[in-house]
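First the structure, in the form of C-alpha cells, and then the observations on it.
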Amino acid sequence: MHDGSEEAVAPIPSPEQTFHPFRLVYILGTGRCGSTLLDILLGAHPDFCSTGELTQLPMIAHGAAQPCSCGADLSACEFWSQVVADVERQFPLKELDAGRQYEYTRSLLRTAVLLGVPGSAVDRYSDRLAVLLGSISRRSGRPIVVDSSKHAGRGLILWRARRRGMDVRFIHLVRDGRGFVWSKRRVVDGQGLGLAPRKRSVADLSTWWVISNLLSAILFRGHPGRYLRIRYEDLVASPAETLEKVGAFVGADLSEVIRAVREQRPVAVGHVVGGNRLRFNRALVLKPDTDWLQHLPQADERTFWGFAGWLARRYGYRTRAEDPTAVVERSVGSGTT
Ligand SMILES: [Zn+2]
C-alpha cells in the first residue's frame, strides 16, 4: 500500500474546516457480513459516530432518494444537511459522488497507481473524503467516525487521507460464506431498502467471497495496530469477548455497550446511511438468526465449499458433517450487511 505520510501536505483551505484530531474506524468485508450491526453497536458508545455505508451519501447529489435511519430522506435529514452544507462550502457534493468510481474492486489497480500521484483525481478525492469525515466528527461532536462501506478501494483512499490528521483503523469483518451466499440468494422484500440483489451463481458469489476477503487482508494487514480481523459469528455468539477485543483495538472502553448487549437493552440507532434494514429499528437488540442453516440448499453449500472451503477453513469454519454443533453455535446472529 502506498504510504503518503512523508509528503508535505497543503493546509486545509478554510480555517473553519480545521480538524480536531479524530479517528476513523473503517469496516472491511464482503457485503452481508454484519457490518451494519457492528457499526451500530460501536455507535452506541458516546465517542463514536456510526454512519453506515457512507459511500452512498453523495448519491443524493444526483437526486437519488436515500433514506436515513432517522426516517427522513438523506437530503432532508437535519444531521446530514449540516454535513453536506459544510462540504459544499469547499466543493460541490457531486465531486464526492464522482470519486466513488475509484472505490470499486474493478478500479483497484488504477486507484492504487493514482494514489501515488500527487494532485491526481484519486489523491484529490482522498482529501475531499477527509473534509467530509472531519465535518461528521465535528457536527456529531464525536471523535471517532465509523464507516462500514467495506470496499477495499475506499480503504486505500481513506488510508491516504490520514495525511489530513485522521487516525485510520481497519476492522475486517468475516462472515461464514454460506451465510453470505444465502443472504445474496434470498429475495429482498423491497420497501425502499434498495433493489433486490442481482441473480449471481453460487460459484460467482463464492469466488467473490474469496477475492473480497483476500483483498481486505492483503492490502491492510501489514499495518501493525491498524488491522483487526474478527468473525461475525463470534460477534453475535460471544459479543462481550469480541467487543472487548474491538475496544482494545480502537482505543475505547466498550464496557457500557457490552453491558447493554448482555442485558438485551436496546441500542439507539443514529443517522445511518445504507446497509441492512435493521438500521430502521430505532433501537437494536442482538437476536438469533439461523436462516441459512435451514434454507441454504445442500448443493449450494457443496459448491461454496468447493470454491472457497480452503479459505473458510483458515477462518475456522467447518462443514456441517465435520462439526455440526459448532456451525449451529456460531450462526446465532442478527440480520447482516
Ligand atoms: Zn438522519
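The values are calculated or read from the model by the stated rules, or taken from the named source; none is laboratory data. Nothing here was measured: the structure is a model prediction, and the numbers come from that model. Every residue, glycine as well, gets a Cβ built from its backbone with ideal geometry; the counts of neighbours run over all protein chains shown.
Looking at the range 10-20, can you tell me whether even one residue there is at pLDDT 90 or above and touching a strand residue (DSSP E or B) at 6+ places or on another chain (Cβ under 9 Å)?
The initial filter retains those residues of the range 10-20 that are at pLDDT 90 or above, namely none.
Scanning the range 10-20 turns up no residue that is at pLDDT 90 or above and touching a strand residue (DSSP E or B) at 6+ places or on another chain (Cβ under 9 Å).
Quick one: would you say Ile157 is crowded, with 23+ Cβ neighbours inside 10 Å and more than 30 Å from Val210 (Cβ to Cβ)?
Details: crowded, with 23+ Cβ neighbours inside 10 Å: yes; more than 30 Å from Val210 (Cβ to Cβ): no.
Spelling it out, it is not the case that Ile157 is crowded, with 23+ Cβ neighbours inside 10 Å and more than 30 Å from Val210 (Cβ to Cβ).
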I need the full set of residues from the range 228-275 which are hydrophobic (A, V, I, L, M, F, W, C) and on the phi > 0 side of the Ramachandran plot, in order please. none
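Among the helices (runs of 4 or more DSSP H) lying completely within the range 50-163, list those that include at least 2 residues that are among the small types (Gly, Ala, Ser) and within 16 Å of the ligand (Cβ to nearest atom). It would help to see each step written out before you state the result.
Details: elements: 78-88, 93-99, 108-115, 121-140, 152-160.
Where helices (runs of 4 or more DSSP H) fall fully within the range 50-163 and carry at least 2 residues being among the small types (Gly, Ala, Ser) and within 16 Å of the ligand (Cβ to nearest atom), they are 78-88, 121-140.
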Just checking, how many residues over the range 271-285 are in a helix (DSSP H, G or I) and over 23 Å from Leu24 (Cβ atoms)? 2
Looking only at the range 100-125, which residues are under 16 Å from Ile211 (Cβ atoms), of a type in the set (D, E, K, R) and crowded, with 17+ Cβ neighbours inside 10 Å? Glu103
Give the residue, chosen from Val285, Val272, that is modelled with pLDDT of 90 or more and of a type in the set (Val, Ile, Thr). Val272
So, first residue under 17 Å from Arg279 (Cα atoms) and small (Gly, Ala, Ser) in the range 56-79, second residue surrounded by fewer than 19 Cβ atoms within 10 Å (Cβ to Cβ) and at pLDDT below 90, Cβ within less than 7 Å, six or more apart or across chains; the pairs are Ser69/Phe280
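Which of the following residues is touching a Gly at 6+ places or on another chain (Cβ under 6 Å) and touching a residue at least 60 places away in the same chain (Cβ under 8 Å): Arg169, Arg89, Arg139, Arg163?
Within the list Arg169, Arg89, Arg139, Arg163, the selection yields Arg163.
With a cut-off of at least 2 residues that are under 19 Å from Pro46 (Cα atoms), name the helices (runs of 4 or more DSSP H) lying wholly within the range 226-270.
Working: elements: 232-237, 239-250, 255-262.
Counting at least 2 such residues, we get 239-250, 255-262.
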Under the condition of being touching a strand residue (DSSP E or B) at 6+ places or on another chain (Cβ under 9 Å) and among the β-branched types (Val, Ile, Thr), which residue from the range 46-99 is surrounded by the most Cβ atoms within 10 Å (Cβ to Cβ)? Thr51
Single condition Ala248 does not satisfy, out of (1) at pLDDT below 95; (2) more than 28 Å from Leu109 (Cβ to Cβ): (1)
Looking at (1) in contact with a His (Cβ under 7 Å, 6 or more places away or on another chain); (2) within 16 Å of the ligand (Cβ to nearest atom); (3) not charged (D, E, K, R), find the lone condition where Ala252 falls short. (2)
(1) part of a helix (DSSP H, G or I); (2) among the polar types (S, T, N, Q); (3) at pLDDT below 85 all hold for Thr303 apart from (3)
